[in-house]
1. Can you tell me how much longer the chain between D84 and T20 gets when fully stretched, taken as 0.36 nm per residue apart minus their C-alpha distance, in nm with one decimal?
2. Percent relative contact order of region 1-69, based on C-alpha pairs within less than 8 angstrom and at least six residues apart?
3. Of P108, P72, P36, which has the largest mean-square fluctuation in a 10 Å C-alpha GNM of the chain?
4. Using only Cα atoms, what Kirkwood radius does the chain have, in angstroms?
5. What trypsin sites (Lys or Arg not before Pro) does region 21-123 have in DSSP loop regions with at most 12 other beta carbons within 10 Å?
6. Hey, can you grab everything whose amide H is under 5 Å from the amide H of V66? Only 5+ residues off in sequence or another chain; H modelled, so Pro and N-termini drop out.
7. Mean separation of Cα pairs under 8 Å and 6+ residues apart, divided by the residue count of the chain: what relative contact order is that in percent?
8. Let me know the charge dipole size of the chain about its Cα centre in debye, to the nearest 20, where only the beta-carbon of Lys, Arg (+1) and Asp, Glu (-1) is charged.
Amino acid sequence: MWSVALDRLANGWATLGESTAGSSAHRLLSAMRAEPFLVAGTGRACTRLIGTATGGTVAKAGAEGVFCAVVPDEHLGLALKVRDGGARAAEAVATWLLARLGHLDAAPFEVLVNRAGRPVGEVRVTS
C-alpha cells in the first residue's frame with residue numbers, strides 16, 4: 001500500500017501533462033486519448049471523460065474513491081479522494097469539476113435505474 005498526498009498526486013498528473021513530444025509520458029497520454037476504451041472499458045467515467053472533455057483531458061479512476069485527471073492545455077492536474085472510498089461519488093465529483101473548469105459542456109448526472117430498468121433517482125453533485 002502506497003500513500004501519496006493529494007496535492008503531490010495532482011502535481012504528478014500536471015507534470016505528466018507537460019511532457020514533451022516523443023517522451024514516454026507523452027506517448028502514454030496520446031495512447032490513452034487514442035483508445036479511451038482500453039483505459040477503463042465500457043460505461044466507465046474515465047472512458048467517457050477522455051472521449052468528451054476538452055483541453056486534451058485524460059482521466060483515470062483509482063482504488064478506493066481516488067480519481068485523477070490532467071488537462072494539458074491548462075497545465076492542470078486534478079486528484080481527489082472520496083473519504084468512504086465510493087467510486088460513484090468520485091466519478092460524479094470529477095465530472096462536475098471538469099464541467100466547472102469549462103472542459104465539459106455540462107456535468108451530466110448518472111441516472112439510477114431499478115432492476116426493471118426504470119429511473120429511480122440520479123447521482124449529482126450539490127454545492
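1. Working: separation 64, 0.36 × 64 = 23.04 nm, distance 3.67 nm.
Full extension from D84 to T20 adds 19.4 nm.
2. Details: 60 pairs, mean separation 14.3, N = 69.
Once divided by the residue count of region 1-69, the mean separation gives 21 percent.
3. P108
4. Details: mean 1/r = 0.0660 Å⁻¹.
Result for the chain stands at 15.2 Å.
5. Working: sites: R27, R33, R44, R48, K60, K81, R83, R88, R100, R115; in loops: R44, R83, R115.
Answer in residue order: R83, R115.
6. V82
7. Details: 210 pairs, mean separation 24.3, N = 127.
Once normalised by length, the contact order is 19 percent.
8. Dipole size: approximately 340 debye.
Since every read-out is calculated from the coordinates, none of them should be taken as a lab result. Treat the numbers as computed from the prediction; the structure is a model and nothing was measured. Every residue, glycine among them, receives a Cβ derived from its backbone with ideal geometry; neighbour counts consider all protein chains shown.
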